[in-house]
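This report concerns only the one structure given below.
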Amino acid sequence: MKLLFDHNLSPKLVERLADVFPQSEHVARVGLASASDFEVWDYAKKNTLTIVSKDSDLSEIGMVRGFPPRIVWIRRGNCSTSDIESLLRDSQDAIFRLGSSAPFGILIIA
């Protein structure tokens, strides 16, 4: 399972979670630092990535465009990168289920 971390998440998550989600990427590292949500969506779809974001806009795009790509929507207020890392590690089973032909396209983690 490869993830694409959105603008609102730290690029450090790529390395911190490499043992669980290898080959993941961050938008800033793939030339999408100032890209629109639609451009991020298209990149994720083309490259078979699951988007991880704190932005509700991407989940709304998913409701209109359908899936893939799938979305992990983190619904937490301000928190540290370590908190996000722990949250994703604790949710890894659900994230893998999302990527393996789940009948839905959005996983909400709070």
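The values are calculated or read from the model by the stated rules, or taken from the named source; none is laboratory data. Treat the numbers as computed from the prediction; the structure is a model and nothing was measured. Because the Cβ atoms are built from the backbone with ideal geometry, glycine has one as well, and the counts that use them run over all protein chains shown.
So how many residues does region 10-30 have that are in a loop (DSSP other than H, G, I, E, B), within 21 Å of residue 97 (Cβ to Cβ) and in contact (Cβ under 8 Å) with a residue 40 or more places away in the chain?
Qualifying residue count, region 10-30: 3.
Taking region 45-54, which residues are assigned to a helix (DSSP H, G or I) and in contact with a helix residue (DSSP H, G or I) (Cβ under 9 Å, 6 or more places away or on another chain)? Matches in region 45-54: 45 only. For region 75-90, the set of residues classified as closer than 16 Å to residue 14 by Cα and touching a residue at least 12 places away in the same chain (Cβ under 8 Å) consists of 81, 84, 85, 87, 88, 89, listed by residue number.
Report the residue count in region 31-41 for those that are out of contact with any strand residue (DSSP E or B) (no Cβ under 8 Å at 6 or more places or on another chain) and either closer than 18 Å to residue 72 by Cβ or touching a residue at least 40 places away in the same chain (Cβ under 8 Å) (or both).
2
Of the residues making up region 1-39, those that are more than 20 Å from residue 63 (Cα to Cα) and loosely packed, with under 14 Cβ neighbours inside 10 Å are 8, 15, 18, 19, 22, 23, 29, 31, 33, 34.
Within region 55-77, the set of residues being at pLDDT below 90, out of contact with any helix residue (DSSP H, G or I) (no Cβ under 8 Å at 6 or more places or on another chain) and in a loop (DSSP other than H, G, I, E, B) comprises 66, 67, 77. For region 26-70, the tally of residues that are in contact with a Ser or Thr (Cβ under 7 Å, 6 or more places away or on another chain) and among the charged types (D, E, K, R) stands at 1. Exactly one residue out of 49, 98 is without any contact (Cβ under 8 Å) to a residue 60 or more places away in the chain, more than 18 Å from residue 8 (Cα to Cα), out of contact with any Cys (no Cβ under 6 Å at 6 or more places or on another chain) and surrounded by 15 or more Cβ atoms within 10 Å (Cβ to Cβ): that is 98.
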